[in-house]
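Novice: One structure is given below, represented as structure tokens, and several questions about it will come after.
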Amino acid sequence: MSALPASERRWDTMNNSRTFYNEVLTEHNIRPEHKHPLENADFSLEGVNPSCGDDIVLNLKVEDGVITDGSFEGDGCAISQASADMMLDLVIGRKKEDALRLSDIFLRMIQGRASDDEMEDLEEAGALKDIAHMPARVKCAVLGWHTMAEIFKNPEKARKK
Ligand code: ZN
């Protein structure tokens, strides 16, 4: 077996990351684990991206500074829905500070400014890194993360009880 020339290896890597991106997007749209109402949520906040029509409500349950449960509701494009679902996958069970750190990495990744080590911490959500090259979809990708960060930066606005 001869190795592929460098140019084709690059192409192969691009195809793999593109395939992974599509699989992740499809999976989280067909079976969004966290898309449902959340009874007894401590915080709920609407996040809207008018340029695409994405309109979600993010719900979080927080105990002693730890996100113990979360969900989202509402509608939007495939990217906004998958990204919100992946965000919840990642932050449920984590401390508020850790969730904010990850949201900061995600926002920088989408601007093309996160390191490989940082992106590893995003786990599956790292599959959305190529959105940095799709300016029209940036607001879709960051909607859930931005809404989560907004809840912690402005908790009185989002508090339900
Ligand atoms: Zn969208």
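No lab work stands behind these numbers, since they all come straight from the coordinates. The shown structure was predicted, so the numbers you read here are calculated from the model rather than taken from an experiment. Cβ sites come from the backbone with ideal geometry, for glycine too, and all protein chains shown count toward neighbours.
Novice: Per residue and in cubic angstrom, what volume does the convex hull of the Cα atoms of region 6-158 have?
Specialist: Numbers: hull volume 16.0 nm³, N = 153.
Residue-normalised Cα hull volume stands at 104 Å³.
Novice: Straight-line reach from residue 153: which aspartates and glutamates have Cα under 13 Å away, leaving out those fewer than 8 places along the same chain?
Specialist: 97, 104
Novice: Moving on. May I ask you to evaluate 6.51 cos²θ - 1.76 cosθ + 1.60, the Karplus curve with θ = phi - 60°, for each residue of region 60-77 and list the ³J(HN,Hα) values in order in whole Hz, giving x for glycine and proline?
Specialist: In residue order, the calculated couplings are 9, 10, 10, 10, 6, x, 10, 6, 8, 7, x, 7, 9, 9, x, 10, x, 6 Hz.
Novice: Same structure, new question: Taking the Cβ of each residue in 86, 119 as the centre, tally the other Cβ atoms inside 10 Å and list the residues starting with the fewest.
Specialist: On the way: 86 28, 119 18.
Sorted ascending by nearby Cβ count, the order is 119, 86.
Novice: Add -39500 (n - 2.57) for each DSSP H run of 4 or more in the chain, then divide by its residues: what number comes out at 222 nm, to the nearest 500 deg cm²/dmol?
Specialist: Details: 6 runs with 79 residues, N = 161.
About -15500 deg cm²/dmol.
Novice: On a C-alpha basis, how far is the centre of region 78-117 from the centre of region 139-156 in Å? Whole number, if you could?
Specialist: Region 78-117 and region 139-156 have Cα centres separated by 10 Å.
Novice: So, one more: Can you list residues whose amide H is under 5 Å from residue 74's amide H, if they're 5+ apart or on another chain and H is modeled 1.01 Å from N?
Specialist: HN-HN under 5 Å from residue 74: 57.
Novice: Build a GNM of the chain with springs between Cα atoms under 10 Å: which of 65, 112, 126 gets the top mean-square fluctuation?
Specialist: Between 65, 112, 126, it is 65 that shows the largest mean-square fluctuation.
Novice: Give, in nm to one decimal, the length gained when the segment between residue 113 and residue 64 is fully stretched (0.36 nm per residue of separation minus the Cα-Cα distance).
Specialist: Details: separation 49, 0.36 × 49 = 17.64 nm, distance 3.19 nm.
So the chain would gain 14.5 nm between residue 113 and residue 64.
Novice: Please compute the contact order of the chain in relative form: average sequence separation of alpha-carbon pairs under 8 Å and at least six residues apart, divided by the residue count, as a percent. Spell out each step's value before the answer.
Specialist: Working: 240 pairs, mean separation 38.8, N = 161.
So the answer I get is 24 percent.
Novice: On full extension of the chain, what length is gained from residue 26 through residue 52, given 0.36 nm per residue of separation minus the C-alpha to C-alpha distance?
Specialist: Full extension of this stretch gives 7.5 nm more.
Novice: Roughly how tilted is helix 78-91, in degrees to the nearest 10 and between 0 and 90, from the longest Cα axis of the chain?
Specialist: 70 degrees
Novice: On a 0 to 90° scale, report how tilted helix 6-30 is relative to the longest principal axis of the chain, with both axes built from alpha carbons and the result rounded to the nearest 10.
Specialist: 30 degrees
Novice: Towards the positive end of the charge dipole of region 6-158, with charges on Cβ (+1 Lys, Arg; -1 Asp, Glu), say which of 82, 57, 19 has the farthest Cα.
Specialist: Among 82, 57, 19, the one farthest towards the positive end of the dipole of region 6-158 is 19.
Novice: Using the Cα centre as the reference, give the magnitude of the dipole from point charges on the C-beta atoms of the chain (Lys, Arg: +1; Asp, Glu: -1; all else neutral), rounded to the nearest 20 debye. Numbers along the way, then the final one.
Specialist: Numbers: 20 positive and 30 negative charges, 91 e Å.
So the dipole magnitude of the chain works out to roughly 440 debye.
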